[in-house]
Structure formats: C-alpha cells, structure tokens
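Any read-out appearing in this document is the output of simple, stated calculations on the displayed coordinates, not a laboratory observation. Quick caveat, the model's predicted, so the values are computed rather than measured. Every residue, glycine as well, gets a Cβ built from its backbone with ideal geometry; the counts of neighbours run over all protein chains shown.
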C-alpha cells in the first residue's frame, strides 16, 4: 500500500518544512495551492499555503499526498461567510454546529449531514418530469409532427409526451452529487461516511450529477421547501470540488477547496447590499457587470457591489461603488482601480473594504473638485451578530457619503490626477 503523507498548513501562515518525496513536492507545486521551495536538506521541502482553504488528495503512487489548509479565521466564522456565497445557505447558527469543530471539512460535512437528514426524514422528494417516449398506447399527449415523420400511416407505436412522477428530479440530482462528492473527501470520519452512504441508498434511482457538468437547475417552491437549506449547501460543496488557475484552466480535485478572496467578495457584496437597501432603499447589484471603462463595451468594470438609486429623471443610476479586498495591507493599485470606477461612473466617492488594517480617506484632485477614496476595515474575526452590526454601520457610513447633486453617471471627469511616479502622498 502506498504511503500517503498528510500535509497540514494554515492560510496565510509561515513557511514550514515537510518530509516529501520528489514526486509529492512536484504534485504540490503543480497544484498551485501552495508555494514550494527546496529546504536545502535531502527529502525536505518548505511549504506555504496560498489563498485557498480546504482539503484535497493529490497525485498517485509515490506522488500521493493529502493536503489540508485551515482558514485563518475560525471555522464557524468561515461558515457564516460561506452562507453568503452565490447560492446562499439558508441555515441558522445552531445548524452549523461548527464551534466544537476545529477543521473546516468536518464542519461542512456535519452541517450537510444534519441538513440532509432533515430533508430526507419523510423520504426523497418526488416531482414531475416531462418525458418523451414511444408507446403502444396513448399516454399524455400525442406529438403529432413526430408521429407523422416517424410512423407515417401507422396507428402504433405512438410518439407521446407525458409528465412522469419520479424521484429523478434536479433537487435529488444535486443532493446525490454532493453526497458522492463528500464521500471522496479525504480524512472524513467513519461515522459521517457511513451516514453519507445511507443517504446515497435513499436516493436510489436518481441520475448522479456528472463531475464538471453544470449544476442541476431548480426553482424554490412550496413543494421543495424542506430541501432548500441542503440544496444551497450541496451547490457550495460541488463548486468546491474544483478550482481555477489564473489562465482560466479549471482543475477538479478529490476534496473541496474555497478561494478566500472570492468568499469574502461574495459575502460583502450580498451582506452590505442588503444593509444598503435597508438604509437608503434603491437596488443592490453584487458583482455588477454592466459597465465598461471605454466606449464600445471594452474593458469591463468589475466592482464587487454597485448600489443604484433613482436619479433626477427617475431612472436608476449607480450611487455607491464598493470593492472588497481580502488583505490587511493597502495597495496603490487598489486606489487606481477604485478611481477608475468613480471616474467612469461619475461618482465623487468610492469605497474599498479591507479585511484588516486602518481606515482612512485618500483625496484625489480632479477638475472642479476631488474624488474621495474611502478605505474601510471589516474584522472577520468578530462574532456573527457583531459582524452583522458592523455591516449595518458601514452601510450607514456609505449612505452619508451620497452627494446631494452627483455628477452625471457615465460622464468622466477631466483632469484626474494620477501619480505615475515620484513621491507618494502621505495618505497612501
């Protein structure tokens, strides 16, 4: 049996030394989940985690290695942030049950198993699926065009379409896909694995979700209400079964990984958007992709949150622009990015929300006035209720920056000061 080394790192942690085969070091380096350097001693490598957390199994034979990367915030805090992912998890704090669990993957598995247990308590969900078939008797409705083209002049067989009452519906496919994915996660405790196998048996007759295929689409309704919490979590688990390189290449893994800056962006865009709607009304658009830097729809702008309010004509226009930065230090490139947003959207204030550091305001002279770039800080280590309160207070602070007579949206200012070189202003 091939020996499997278990490498355990912490997000943002220091370099550490591990005894690895050359094949294992190569697999870890190829994964781009960690930085790998030679340690200067035979059989030893220095490793440091990058920006993803989770657990995966990499390589085969002499290259087989299990990698765990723990988040730098506590697991229950991360589970709260994950609750604002694109398919938002609808759970209560006690449903997560993560406080006593130090590792992310067991916490996710416990939350999923608990939600699945409740969803399947009265058996799998059934639904109606439209089915095309060829039958000797009429069932449902006749597909006249297919009947004429395939069986011209014959009374039977009949080309029919009918609604089939079945367990093989998108909700169950999504649920079974997550069950099968968790069964492949390395290091899962036997009791959880046995329960997952029981769930798979209950979902007999369901077509398994094919890895890499789009997730089964479903719509919330009264009929699938008991499934909704676990379906959001199932989608999160399946999306965590792969990750992308910077060149767009997607890699599937045996395990589950989450890129923390994406988790933070999803959380801030949705949570702050909800708070802004409460504070000032209007419409929040997380990850808005409807604006461009230049004419001709070139150079897409990608703010993490745009908040729209009615303009003088009654048409909604961007009023608040926000970008999330999952880092502690401030970077000049962040200011240039936000300045471009403000200039193109015609706003006098832009807001950068960091996961650490000190807040301040950078004032940029422009023709006829200035653009203010606000740098806010959000402590992700706070308890859920306090973090929610900080989000609400941040929304109020952003509302106070709203101008009484904003410049016309989409009309860039002239004379924007962009320091290309030389001394950096003290506020930077």
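FRET efficiency for the pair residue 396 and residue 16, taken as 1/(1 + (r/R0)^6) with r the Cβ-Cβ distance and R0 = 41 Å, rounds to 0.45. Count the DSSP beta bridges whose two residues both fall in the range 1-70, then state the antiparallel fraction as a percent rounded to the nearest 5. Here the share of antiparallel DSSP bridges comes out near 70 percent.
Springs join every pair of Cα atoms under 10 Å in this Gaussian network model of the chain, and among 282, 187, 123 the largest mean-square fluctuation is at 123. Highest-first packing order for the peptide set 358-367, 4-13 is 4-13, 358-367, based on the mean count of other beta carbon atoms within 10 Å. Diffusion of the chain by Stokes-Einstein, at 20 °C in a medium of 1.002 mPa s and with Rh set to the Kirkwood radius over alpha-carbon pairs, works out to 86 µm²/s. Once the Cβ-Cβ distance of residue 168 and residue 358 is raised to the sixth power relative to R0 = 45 Å, the FRET efficiency obtained is 0.25.
Specify the residue with the greatest mean-square fluctuation among 401, 31, 221, computed from a Gaussian network of the chain linking alpha-carbon atoms under 10 Å apart. Highest fluctuation of the listed residues: 221. Across the range 15-68, Cα pairs under 8 Å and at least six residues apart give a relative contact order of 38 percent. Extension gain, residue 197-residue 118: 0.36 nm per intervening residue step, less the Cα-Cα distance, totals 26.9 nm.
When the Gaussian network model of the chain links Cα atoms closer than 10 Å, the mean-square fluctuations of 145, 122, 45 top out at 145. Residues 218, 15, ranked from the fewest to the most other C-beta atoms within 10 Å, line up as 15, 218.
The mean sequence distance of close C-alpha pairs (under 8 Å, at least 6 residues apart), as a share of the length of the range 261-400, puts its relative contact order at 20 percent. Per residue, the average separation of C-alpha pairs within less than 8 Å and at least 6 apart gives the chain a relative contact order of 12 percent.
A protection proxy built from the mean count of other Cβ atoms within 10 Å ranks the segments 347-357, 146-156, most packed first, as 347-357, 146-156. Within the chain, DSSP assigns beta bridges of which about 75% are antiparallel (rounded to the nearest 5). Scattering from the range 1-70 was approximated by placing one identical point on each alpha carbon and applying the Debye formula without solvent; log10 I(q)/I(0) at 0.27 1/Å stands at -1.32.
When the alpha carbon coordinates of the range 127-166 are projected onto the principal axes, the ranges are 35, 16, 11 Å, largest first. Summarised as an ellipsoid, the range 261-400 has semi-axes of 23, 18, 15 Å, derived from the eigenvalues of the Cα gyration tensor scaled by 5 and square-rooted, with the largest first. DSSP bridge analysis restricted to the range 261-400 gives an antiparallel fraction near 65%, rounded to the nearest 5. Residues 288, 132 in ascending order of nearby Cβ atoms (within 10 Å, fewest first): 132, 288.
One decimal place: the segment residue 150-residue 372 gains 73.0 nm when fully extended, by the rule 0.36 nm per residue minus the C-alpha distance.
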